[in-house]
Amino acid sequence: MEALKKKILNEGEAIGTQIVKVDGFVNHQIDVRFMSEMGKEFKRRFGDIKVDKILTVESSGIAIACLTAPFFGYPQVVFAKKTSPNTLIEGSYSAEAKSFTKGTVSLVRVSKKFIEKGDRVLIIDDFLAHGEASLAMTDIIKQAGARVTGIGIVIEKLFQGGGEKLRGAGYRVESLVSISKISDGIITFSE
Ligand code: G4P
């Protein structure tokens, strides 16, 4: 998505060799109009699939998932929780996601009420790095007896291997932009 590449180059920031900061329109402030364009682009990429539910992980995935849903006919957006609130004690599916970025392991959970057997689920998330969050979501979808119809990612960092893992496992992954390298403050996209 050329407009997204431009926006990242204009408004994003490269941190070291691993991280791209996009707080100005994804992670801390949301450019709703632009995010809606991203949702439309996901629909263009996944136009041929039927979607019963969209699944993401709190917190940054929620906005992009919600702005993608209208283009798929308003399926419910389910977001996996990373914390264990009092209101979600039992009756949930869970899977571990290791964060290489943060050096932590979190348990992501989804109530059994919100993913049903046979659901065709589209996973949407902001970043694909090592693939831990997406893999945890695929695990939860499998536990529910539902089906992963695709994985839509805003920014994939190719050099962290998550995409390779997910595609290797047979999932259809569509990333709006793919970054092949971050070095000396320069972000290089793959074509
Ligand atoms: P993985 O799920 O692909 O394995 O990624 P990883 O563990 O490395 O990432 C953990 C968290 O860091 C995720 O957010 C992910 O979106 C975010 N992240 C990964 N790479 C980048 C990056 O280059 N830039 C930014 N801004 N974030 C990145 P999270 O912990 O779920 O936090 P939240 O923002 O959704 O609350």
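Points to keep in mind about this one:
- Criterion violated by Y74 - all others in (1) farther than 19 Å from E156 by Cα; (2) touching a strand residue (DSSP E or B) at 6+ places or on another chain (Cβ under 9 Å); (3) not hydrophobic (A, V, I, L, M, F, W, C) satisfied: (2)
- Test result for S60, open to solvent by 10 Å² or more (accessible area, probe 1.4 Å) and within 16 Å of the ligand (Cβ to nearest atom): yes
- Only listed residue being open to solvent by 70 Å² or more (accessible area, probe 1.4 Å), of a type outside the set (S, T, Y) and modelled with pLDDT of 95 or more, chosen from K113, K98: K113
- Test set (1) among the small types (G, A, S); (2) at pLDDT 95 or above; (3) within 12 Å of the ligand (Cβ to nearest atom) - G118 fails condition number: (3)
- Look at (1) more than 15 Å from the ligand (Cβ to nearest atom); (2) open to solvent by less than 50 Å² (accessible area, probe 1.4 Å) and you find that R33 fails only one, number (2).
- None of G24, G73, G47 is out of contact with any Cys (no Cβ under 8 Å at 6 or more places or on another chain), modelled with pLDDT under 95 and open to solvent by less than 70 Å² (accessible area, probe 1.4 Å) except G47.
- Considering the range 34-146, the qualifying strands (runs of 3 or more DSSP E), each wholly inside and each with 1 or more residues that are touching a Phe, Trp or Tyr at 6+ places or on another chain (Cβ under 6 Å), in contact (Cβ under 8 Å) with a residue 24 or more places away in the chain and over 20 Å from G162 (Cα atoms), run over 76-80, 104-111.
- Given (1) within 15 Å of the ligand (Cβ to nearest atom); (2) closer than 25 Å to L9 by Cβ, index of the condition T68 fails: (1)
- Number of positions in the range 15-28 that are of a type outside the set (A, V, I, L, M, F, W, C) and over 17 Å from the mean Cα position of the chain (by Cα): 4
- Residue within the range 46-57 that is on the phi > 0 side of the Ramachandran plot and within 16 Å of the ligand (Cβ to nearest atom) present: no
- Top-ranked residue of the range 132-151 - restricted to ones that are among the aliphatic types (A, V, I, L, M) and within 16 Å of the ligand (Cβ to nearest atom), ranked as farthest from K117 (Cα to Cα): A133
- Condition check for K157: open to solvent by less than 40 Å² (accessible area, probe 1.4 Å) and among the basic types (K, R): yes
- Residues located in the range 119-139, provided they are more than 23 Å from V177 (Cα to Cα) and open to solvent by less than 50 Å² (accessible area, probe 1.4 Å): D119
The values are calculated or read from the model by the stated rules, or taken from the named source; none is laboratory data. It should be emphasised that the depicted structure is a prediction, and the values quoted were computed from it without experimental measurement. Note that each Cβ is placed from the backbone with ideal geometry, even for glycine, and that neighbours are counted across all protein chains shown. Note: accessible area is taken over every heavy atom of the protein model, side chains too, but ligands, DNA and RNA are not part of it. Shrake-Rupley method; radii C 1.70, N 1.55, O 1.52, S 1.80 Å.
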